Amino acid sequence: MSAISQFVPRPVLRRLLARYSVTERARKRARSRLRFSTLLEPFRWAENLRWNRRIRETDVKAPVFLLGFGRSGTTHLHYLFWQDPRFGVVSNYQASMQPVALIGKGWLPRLFAGSLPSKRPMDNVAITLDAPQEEEIAMVNSSEHAPLHFMAFPKELPEIYDRYVCQLGNDLAVLDAWKHDYLRVLKKATILSGGRRLALKTPTNTGRVRVLAEMFPDAKFVNIVRNPYRVYRSMRNMYRKILPQQTLQELDGDEVDQWTLDAYSSLMNKYLDEHKILGDDRLIEIRYEDLDERPLEELEKIYGTLELGDFESVRPKFEAYLTALGDFEKNEFDFPAEIVEAVNKNWAFAFDAFGYERVEPGELPR
């Protein structure tokens, strides 16, 4: 698996490598990324010269932000929104190649399509270049102000993550820099989507409700939650599969597990504190289990509550997509005692907040 930040600009990569340590065994990987970023520079400059004015002049229509901690069903919800032609998205293509996504839109997809895996390694979701991706991937490929740089530098957790998520806004200079780079991602997405309103999914936005609501006063929000035991089990599985190919530092799985527990607590409690600023016409909260069992009913409720446009006109598209999914094979996990105990100890607040049943070691969560 190539680095998720494969297209990071050379100046950004050099600053990150100067700021954070790289282990001896990862130096070859770091040099390889530097060589690639050097080859990319002429194309990045060409894109800036050709497109900067258009980007500055592009307005981003009030987005629909799809919130939720990772592994809570956010991708499934995003793919459903993608079926509605009234919405644009940040695509896998743009997210992976953000610095040159406009100048390369005619030829880069053909060049890299063959190197793209057919499925995500952590959950078997199909991958295509035009499919939706979280804008955080575009940020890590274009900006130093991206929390997902922790994947290359896990020893910097939690600071490298918190600065741009739950602590975003504490430092105004950091906030302004993040806003600038984030808006650039959304403006490119708007151009690539033909000016359509964007449906955006990135789990870290769950801790940025106040910032996003101030940036986009007319934006709408959907927050999706899932059984905490399944979220933690799935998140552990994901990091064990993807982090070893990304990191430039020694990786301690136990430390990442504890950070995952801490990150959920801080992120979801931040959401619980901030979501109250949104009115009932701007926010709807759903559960993954309900979306999985009654997808059309839940989607119709979302559209109606947030006034997203006529639902019946797109119902056939949702039905066709859901039929095509067929019997999608979800990951099946066991739930050893240490998993249940860790969730009960660290995420006790979530059972009351989101309406899930607490279980004890030896019992299976629903």
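Going toward the positive end of the dipole of the chain, with +1 on Lys and Arg Cβ and -1 on Asp and Glu Cβ, which of Leu198, Ala3, Ile224 do you reach last?
Ranked along the dipole, the leading option is Ala3.
Go through the stretch 252-266 residue by residue and turn each phi into a ³J(HN,Hα) via Karplus (6.51, -1.76, 1.60, θ = phi - 60°); whole Hz please, and just put x for glycine and proline.
Taking θ as phi minus 60°, the curve returns 10, x, 5, 5, 5, 4, 5, 4, 4, 4, 5, 5, 4, 4, 5 Hz for the stretch 252-266.
Based solely on its DSSP helices, what 222 nm [θ] is calculated for the chain when runs of n ≥ 4 H residues each add -39,500 (n - 2.57) and the sum is averaged over all residues, nearest 500 deg cm²/dmol?
Working: 16 runs with 181 residues, N = 366.
Using -39500 (n - 2.57) per qualifying helix, the result is -15000 deg cm²/dmol.
Of the cross-linked pairs Lys241/Lys317; Lys28/Lys241; Lys188/Lys301; Lys187/Lys276; Lys187/Lys301; Lys179/Lys270, which ones have a Cα-Cα span greater than 25 Å in the structure shown? If you can, show how the numbers build up before the last one.
On the way: Lys241/Lys317 33 Å; Lys28/Lys241 21 Å; Lys188/Lys301 30 Å; Lys187/Lys276 28 Å; Lys187/Lys301 29 Å; Lys179/Lys270 19 Å.
Cα-Cα > 25 Å for Lys241/Lys317; Lys188/Lys301; Lys187/Lys276; Lys187/Lys301; rest within.
Keeping the other protein chains in place, figure out the carbon and sulfur percent of the accessible area of the stretch 246-366, with a 1.4 Å probe. Don't jump to the answer; show the numbers that get you there.
Details: 2990 of 6560 Å².
Solvent-exposed carbon and sulfur of the stretch 246-366 make up 46 percent of the total.
Calculate the spin-label point distance for Phe36 paired with Glu319, positioning each point 7 Å from the Cα along the beta-carbon direction, and give it in nanometres.
So the label points at Glu319 and Phe36 sit 4.4 nm apart.
Have a look at Tyr288, His275, Leu299 and report the one farthest towards the positive end of the charge dipole of the stretch 259-312, computed about the Cα centre with Cβ charges (Lys/Arg +1, Asp/Glu -1).
Comparing the listed Cα positions along the dipole, His275 ranks first.
Just how large is the dipole of the stretch 207-317 about the Cα centre, in debye to the nearest 20, putting +1 at every Lys and Arg Cβ and -1 at every Asp and Glu Cβ?
For the stretch 207-317, the charge dipole is close to 240 debye.
Can you work out D for the stretch 123-234 in µm² s⁻¹ from Stokes-Einstein, where Rh is the Kirkwood radius over C-alpha pairs, the temperature is 25 °C and the viscosity is 0.890 mPa s?
Stokes-Einstein gives a translational diffusion coefficient of 158 µm²/s.
Tell me which label goes with the value of semi-axes √(5λ) of the Cα gyration tensor in Å computed from the coordinates here: (i) 50, 28, 16; (ii) 30, 26, 20; (iii) 36, 25, 19.
Recomputing semi-axes √(5λ) of the Cα gyration tensor in Å here picks out (ii).
Applying the Karplus parametrisation 6.51 cos²θ - 1.76 cosθ + 1.60 with θ = phi - 60° to the phi angles of the stretch 357-365, what ³J(HN,Hα) value in whole Hz is obtained for each residue in order, glycine and proline being reported as x?
Calculated HN-Hα couplings, in order: 8, 6, 10, 10, x, x, 9, 9, x Hz.
Nearest 20 debye, what's the magnitude of the dipole of the chain about its Cα centre given +1 on Lys and Arg Cβ and -1 on Asp and Glu Cβ?
Details: 53 positive and 52 negative charges, 459 e Å.
Using Cβ point charges on Lys, Arg, Asp and Glu, the chain gives about 2200 debye.
In nm, to one decimal, how far is the modelled label at Lys105 from the one at Glu312, with both set 7 Å along Cα→Cβ?
It works out to 3.4 nm between the two label points.
If you project the alpha carbons of the stretch 1-114 onto their three principal axes, what span does each projection cover, largest first, in Å?
Cα extents, longest axis first: 47, 38, 30 Å.
Nearest-5 percent of antiparallel DSSP beta bridges in the chain? It would help to have the intermediate numbers written out before the result.
Working: 2 of 16 bridges.
Taking every DSSP beta bridge within the chain, about 10 percent pair in antiparallel fashion.
In whole Hz, what ³J(HN,Hα) sequence does the stretch 213-226 give by Karplus (6.51, -1.76, 1.60; θ = phi - 60°), x for Gly and Pro?
Once rounded to whole Hz, the list reads 5, 6, 5, 10, x, 9, 5, 10, 9, 10, 10, 10, 10, 9.
First measure r as the distance between the Cβ atoms of Leu175 and Arg15, then evaluate 1/(1 + (r/R0)^6) with R0 = 22 Å and state the FRET efficiency to the nearest 0.05.
On the way: r = 19 Å, r/R0 = 0.84.
That gives a FRET efficiency of 0.75.
On a straight-distance basis, which aspartates and glutamates could pair with Lys61 in a cross-link, Cα separation under 12 angstrom, same-chain partners fewer than 8 positions away excluded?
Asp218
Would you work out which of Leu80, Leu172, Leu66 lies farthest towards the positive end of the dipole of the chain? Charges go on Cβ: Lys and Arg +1, Asp and Glu -1.
Checking the options against the dipole of the chain, the answer is Leu172.
When all protein chains stay in place, what accessible area (Å², nearest 10, 1.4 Å probe) is found for Ile242?
Here the accessible area works out near 20 Å².
Kindly state, to the nearest 0.05, the FRET efficiency for Glu57 paired with Ala353, given R0 = 45 Å and r defined as their beta-carbon distance.
Once rounded, the FRET efficiency stands at 0.60.
Identify all aspartates and glutamates with a Cα-Cα distance to Lys105 below 15 Å; exclude those on the same chain that are fewer than 8 residues away in sequence.
In chain and number order, the partners are Glu47, Asp130.
Mind grabbing the accessible area of Asp290 for me, 1.4 Å probe, Å², rounded to tens?
Around 40 Å² of this residue is reachable by solvent.
Could you give the accessible area per residue of the chain, probe 1.4 Å, as a whole number in Å²? Mind dumping the intermediate values first?
Numbers: 16470 Å² over 366 residues.
The answer is 45 Å² per residue.
With every protein chain kept in the model, how would you rank Glu319, Glu338, Glu293 by accessible area, 1.4 Å probe, largest at the top? It would help to have the intermediate numbers written out before the result.
On the way: Glu319 80, Glu338 110, Glu293 135 Å².
Per-residue accessible area, sorted high to low, gives Glu293, Glu338, Glu319.
For a quick check: with amide H placed at 1.01 Å from N, whose amide H comes under 5 Å from Arg197's, ignoring anything fewer than 5 positions away on the same chain?
Answer set, sorted by chain and number: Gly88.
Let me check I have the definition right: for the stretch 207-278, take the eigenvalues of the Cα gyration tensor, multiply each by 5, take square roots. What are those semi-axes in whole Å, largest first?
On the way: eigenvalues 169, 42, 25 Å².
Ellipsoid semi-axes (Å, largest first): 29, 15, 11.
Using +1 on the beta carbon of Lys and Arg, -1 on that of Asp and Glu, and nothing else charged, what's the dipole of the stretch 144-230 about the Cα centre, debye to 20? Don't jump to the answer; show the numbers that get you there.
Numbers: 14 positive and 9 negative charges, 121 e Å.
I would put it at about 580 debye.
GNM, the chain, Cα, under 10 Å: largest mean-square fluctuation among Lys220, Lys105, Lys155?
Among Lys220, Lys105, Lys155, the largest mean-square fluctuation in the Gaussian network model of the chain belongs to Lys105.
For Leu283, what residues show an amide H to amide H distance below 5 Å, using hydrogens built from the backbone and excluding near sequence neighbours?
Phe221
The values are calculated or read from the model by the stated rules, or taken from the named source; none is laboratory data. Here the structure is a predicted model, which is why all the values come from computation and not from measurement. Positions of Cβ are generated from backbone atoms using ideal geometry, with glycine treated the same way; all protein chains shown enter the neighbour counts. What goes into the accessible areas is simple: the full protein's heavy atoms, side chains included, and nothing from ligands, DNA or RNA. Shrake-Rupley method; radii C 1.70, N 1.55, O 1.52, S 1.80 Å.
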